[in-house]
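The values are calculated or read from the model by the stated rules, or taken from the named source; none is laboratory data. In this text the structure is predicted, and so the values were computed from the model without any measurement. Positions of Cβ are backbone-derived with ideal geometry, glycine not excepted, and every protein chain shown enters the neighbour counts. Remember, those area values only see protein heavy atoms, side chains included, never the ligands or the DNA or RNA. Shrake-Rupley method; radii C 1.70, N 1.55, O 1.52, S 1.80 Å.
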Amino acid sequence: YTSGTLTITKRYVTLQLQDVSSVYGNSIVLNQGAYTVTEGSIYAGDEEDFTIYTNATRTSNVGTYNIYVGCSNPNYTLSSTGATLTISARTITINLTRQYFVYGNPLNLNINAYTVTSGNIVGNDSLGLQLTTDAQNGANVGTYGIQFLGYSNNNYIGLENIESGTGR
């Protein structure tokens, strides 16, 4: 009589992860059960050993990021088909506030002269407003328009309500 051996091998499982979307500045919510088993199977009760994660955070720039799955249980060999997290731009509405300049002084538009009327800015972000005006240095006293050209911070999109600047 000779003793035999029993070898238990790892369980192979392939998961299809689900794509997720979020808005810049919002919490990223990854549903831990948001996958489909496409090959193999998960042994009953082991579902909590699987973790879905991304390296992106709520302040990651607008764009796409990979979503991964990990398994803390050494009894599995895991593979997954890719999924992505898409972070879209945060919508805000701003009012550009009136700016005043003294006749003869340089016309340096203040890119921080605005109030947010809808939505919010995340943390200490700068919008990077891009502004221009019809007035030129040395312009006569009067009222001139301030034109909004856009944001240099691509994490934001929105509408702008513009008040004219006045030179004195």
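Provide the FRET efficiency to the nearest 0.05 for the Thr36-Tyr100 pair, computing r from the beta carbons and using R0 = 41 Å. Show your work: numbers first, answer last.
Values: r = 61 Å, r/R0 = 1.49.
Using R0 = 41 Å, I get an efficiency of 0.10.
How much length is gained on full extension from Gln18 to Asn75, taking 0.36 nm per residue of separation minus their Cα-Cα distance?
On the way: separation 57, 0.36 × 57 = 20.52 nm, distance 2.38 nm.
Length gained, Gln18 through Asn75: 18.1 nm.
Once you put a point 7 Å from the Cα of Asp134 and another 7 Å from the Cα of Thr64, both along the Cβ direction, what distance in nm separates them?
4.4
Pull out the extension gain between Thr5 and Val29, defined as 0.36 nm times the separation in residues minus the alpha carbon to alpha carbon distance; nm, one decimal.
4.1 nm is the gain from fully extending Thr5 to Val29.
Expressed as a whole percentage, what fraction of the accessible surface of the range 1-90 belongs to carbon and sulfur atoms when a 1.4 Å probe is rolled over the protein heavy atoms?
48
Rounded to the nearest 0.05, what FRET efficiency is calculated for Ser88 and Val116 with R0 set to 25 Å and r the Cβ-Cβ distance?
Numbers: r = 18 Å, r/R0 = 0.73.
Computed FRET efficiency for Ser88 and Val116: 0.85.
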